[in-house]
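J.: Below is one structure. I have some questions about it.
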Amino acid sequence: MSRKLRVGLVGAGYVAERHLIALRDTPNVELVAIADPALDRAQALARKFQVPHTAPNLAGILAHRLDAVHILTPPVSHCPLALEALEAGCHVLVEKPMAESVEECDRMIAAAQAAGKRLMVNHSARFEPPVAQALELVKQGRIGDPLSLHLFRGSEYPPYAGGPMPAVFRQGSYPFRDLGVHALYLIEAFLGPISSLNVLHHSTGRDPLLTYDEWRATAQAANGATGHILLSWNMQPVQNEMWLHGTRGTLHIDCFLQSCTLYRAYPGPKQLHAIINGVRTGFQRLIDSPAALFGFATGRIKPSPGIYAAVRAFYQTLAENAPIPVEPAEGRNAVRWVTAASLAPDTDKDALEAQRTQPPPPAKILVTGAAGFLGAKLVARLLADGHQPRLFLRRPLPSGHALAHLNAVIGDLGNPSDVDRAVAGVQTVYHVGAAMKGPPEAFHSGTVHGTRNILDACRRHQVGRLVYVSSMGVMDHAGHPDGVFINENSPLEPFPEQRGAYTQTKLEAEHLVRDSGLPAVILRPGQIYGPGAESVTPNGVIKLAGRWIVAGDGSRKLPLVHVDDVVEALILAAAAPAAPGQTVNLVDPTPVDQNQYLNFIKPKAPVLRVPVWFLMTAASGVELLGKLLKRSVPLTRYRVRSLKPLHPFDIQQAKQVLSWTPQNRPIK
């Protein structure tokens, strides 16, 4: 070519960075523009890769005289964006699947032919180095006639961070559309055209948002060979492997280790075959594993090497005016099988959603987090008092559960529509639910987004009283002077980002409630104890390597409160005239130290008492390692200082506002 091709990208998500790495290394390319409706995301990516122009849409970057466009957006937009780019005279590289339907594929193919431009689908798994090596070995006849291909693929989706539900969780067929398409075009690449396909979808219930997380499929090739597909969002460790069996040999392809292993047939007894292959492949594994690690560490193997190779192959064929590596007909064929297999899971998902989103029976009280330790105790008390509360749950309770018969809304706190359905018609909301574990996105969804959604729904439905359960984790532990009484005006955590996602999100949620203008009361329980809480480490104790590590000698006093006392405070807060607008700490002032409490609950895990100075020294080393690796670390000096339990407490606010006094259940 006499000049470089001017290239633009539409979509600035995860996969865009992989394309940009390849484009940066491609000699006949000039990176010109990135488009994304989230313009700040496009701008951040453009700065990283020194791309001069950004825009919120494709039209905005087409103005920069592009020669080629990469479409890296959700599949629903592939067809309209491809048509727009082709009509503007651009070559198009579109991510898999090619489109949402065969009809859309046909429109894209016709538009490419009319424009005289190249249209390629990024079937990147075909370009993974070990897959390309395996295809070459098959072409050479090294395994004879292929008989069957078994594909094993595990995956994990980014956690839901709240807000509108993404397509990955809305669409029943999404997992198969996402990964099944790879399996289908690989089956056709190795075995030939598919003549029939049978797909099974299953839910384990492990992730309430991902309806179908296990998939099994069998594809029959026209020549009689068979392809077997296993897709799982639960398998550990996550795999990306294939076994290809032939009449003269077997290939094992591991895309994580970037290895392709040939198992051959030898003259002599079959036991000898196994021994020779075992020894030979064992030595090969010893070489392949460290070689892959070294390749990724040094950058010799690029992130997502299949995408890297596919992008470069596309521009090589443009430079040489050669046939493109993946013809649109291949993309169309994969879409044909995927869409046929998607009908059943989409229909099943729609039926489940219609059932799940039915308006719940009338109720005056809603309890979020109703399946948790405190929430379940609160529900039991409400039932004993003659109420019939509505429960908000992430997943249905098992049939034998004591609360399984109750009126429940199944949903996610981060989803505004789920929360609105749960709040509609109630007079009192006990907001007990919050994220307790997981990545930062899970905390943001369950705690911050969840609380914001509760507040918005309470306003819409004019709820009379909101009782919000906060945490002592929002208060300043590290900076609290020893012996100084703590009350509701004591300082809050000044550096929540250093304490972790739980403290950060609980503090943000408490501010939302306080500033909401709603008739809301905030309760901050101390360390809740009682039957069922024995597995929870007390303040100043951390779980590590199967042990409970006490920071210090165990003599620090704990801010304990019995679960029944917290439930009593919740009931009082829903009715006390002076409660709205107030924040109330809930702690039993009876002094109990860590050692007394540990002796009381008798934890099954070994207990180890470690001097604070030792933990501080270890934290210094971990912090240094984090700086070298440029990553956040779980142990820091500030977190060690924050392990100090809060004590003593002034509970006059609880007595005055709620008429609450703990029942002094002694720990002996």
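Values in this text are rule-based calculations from the coordinates and carry no lab data. The structure displayed is predicted, hence computed values, not measured ones. Backbone-built Cβ (ideal geometry, glycine too); neighbour counts: all protein chains shown.
J.: Using the alpha carbon gyration tensor of the chain, what are the three equivalent-ellipsoid semi-axes (square root of 5 times each eigenvalue), largest first, in whole Å? Intermediate results must be reported in sequence, preceding the final value.
T.: On the way: eigenvalues 570, 179, 139 Å².
In descending order the semi-axes read 53, 30, 26 Å.
J.: If you take the beta carbon distance between TRP243 and LYS4 as r and set R0 to 51 Å, what does 1/(1 + (r/R0)^6) give as a FRET efficiency, to the nearest 0.05?
T.: Numbers: r = 42 Å, r/R0 = 0.83.
The calculated FRET efficiency here is 0.75.
J.: What whole-number distance in Å separates the alpha-carbon centres of the stretch 428-492 and the stretch 536-563?
T.: With the stretch 428-492 and the stretch 536-563 each reduced to a Cα centre, they are spaced 22 Å.
J.: Ok, one more. Can you pull the one-decimal nm distance between simple spin-label points at ARG394 and ALA291, each 7 Å off the Cα toward Cβ?
T.: 4.3
J.: Compute the length gained on full extension between VAL633 and PHE614: take 0.36 nm times their separation in residues and subtract their Cα-Cα distance, giving the result in nm to one decimal.
T.: Details: separation 19, 0.36 × 19 = 6.84 nm, distance 1.74 nm.
So the chain would gain 5.1 nm between VAL633 and PHE614.
J.: If you fit an axis through the alpha-carbon atoms of helix 328-356 and take the longest principal axis of the Cα set of the chain, what angle between them do you get, 0 to 90°, nearest 10?
T.: It works out to around 20 degrees.
J.: Under 14 Å Cα-Cα from LYS364, which aspartates and glutamates qualify once same-chain neighbours fewer than 8 residues away are excluded?
T.: Partners found: ASP385.
J.: For the residues THR505, THR261, what sequence is obtained by ranking on other C-beta atoms within 10 Å, fewest first? Don't skip to the end; give the middle numbers.
T.: Numbers: THR505 26, THR261 19.
By the 10 Å Cβ count, ascending, the order reads THR261, THR505.
J.: At a Förster radius of 25 Å, what calculated FRET efficiency corresponds to the Cβ-Cβ distance of SER77 and VAL168, to the nearest 0.05? It would help to have the intermediate numbers written out before the result.
T.: Values: r = 15 Å, r/R0 = 0.61.
The calculated FRET efficiency here is 0.95.
J.: Within straight cross-link reach of LYS117, meaning Cα distance under 24 Å, which lysines are found once same-chain residues fewer than 8 apart are removed?
T.: Reachable lysines: LYS4, LYS96.
J.: Per DSSP H run of at least 4 residues, take -39500 (n - 2.57); add these up for the chain, divide by its residues and hand me the 222 nm value, nearest 500 deg cm²/dmol.
T.: Numbers: 21 runs with 246 residues, N = 668.
One gets -11500 deg cm²/dmol as the mean residue ellipticity at 222 nm.
J.: Give me the lysines in straight-line cross-link reach of LYS437: C-alpha distance below 28 Å, same-chain residues under 8 apart excluded.
T.: Candidates past the 8-residue exclusion: LYS349, LYS377, LYS506, LYS543, LYS557, LYS602, LYS604, LYS627, LYS630, LYS644.
J.: Could you line up PHE256, PHE485, PHE314, PHE443 from fewest to most neighbouring Cβ atoms inside 10 Å? Please report the intermediate quantities before stating the final value.
T.: Numbers: PHE256 15, PHE485 12, PHE314 24, PHE443 28.
Ascending Cβ contact count within 10 Å gives the list PHE485, PHE256, PHE314, PHE443.
J.: Classify the stretch 186-275 as rounded, prolate or oblate from the Cα gyration tensor: take a ≥ b ≥ c as the square roots of its eigenvalues, call it rounded if a/c is under 1.5, otherwise prolate when a/b beats b/c and oblate if not.
T.: Values: a/c = 2.66, a/b = 1.57, b/c = 1.69.
The shape class here is oblate.
J.: Still on this structure, please answer the following. Compute, for the chain, the length of the dipole vector about the Cα centre, with Cβ point charges of +1 (Lys, Arg) and -1 (Asp, Glu) only. Units Debye, rounded to 20.
T.: Computed about the Cα centre, the dipole is about 1380 debye.
J.: Once the piece of chain linking LYS364 and ASN223 is laid out straight, how much longer is it, given 0.36 nm per residue of separation minus the C-alpha distance between them? Walk me through the numbers on the way to the answer.
T.: On the way: separation 141, 0.36 × 141 = 50.76 nm, distance 6.44 nm.
Result for the pair: 44.3 nm of gain on full extension.
J.: Taking a quarter of the surface of the Cα convex hull of the stretch 5-122, what do you get in nm²? Before the final figure, lay out each step's value.
T.: Working: hull surface 25.0 nm².
That works out to 6.3 nm², a quarter of the Cα hull's surface.
J.: Pull up the DSSP beta bridges for the chain and report the antiparallel fraction as a percent, rounded to 5. Present the calculation step by step, with values, prior to reporting the outcome.
T.: Details: 39 of 97 bridges.
Percent antiparallel among DSSP bridges in the chain is about 40.
J.: Angle, helix 373-384 long axis vs. longest principal axis of the chain, Cα atoms, 0 to 90°, nearest 10?
T.: Long axis of 373-384 versus the principal axis of the chain: about 60 degrees.
J.: On to the next question. Once both axes come from the Cα atoms, what is the angle between helix 563-573 and the longest principal axis of the chain, in degrees from 0 to 90, rounded to 10?
T.: Long axis of 563-573 versus the principal axis of the chain: about 80 degrees.
J.: Could I ask something else about it? Using alpha carbon centroids, what distance separates the stretch 178-215 and the stretch 386-422, in Å?
T.: When both Cα centres are located, 32 Å separates them.
J.: Turning to a different aspect of this structure: Give me the number: length gained by fully extending ARG547 to ALA265, i.e. 0.36 nm times residue separation minus the C-alpha to C-alpha distance, one decimal in nm.
T.: Working: separation 282, 0.36 × 282 = 101.52 nm, distance 5.10 nm.
So the extension gain works out to 96.4 nm.
J.: Run the simple label-point estimate for GLN284 and LEU625 please: 7 Å along Cα→C-beta, distance reported in nm.
T.: Simple spin-label model gives 3.5 nm for this pair.
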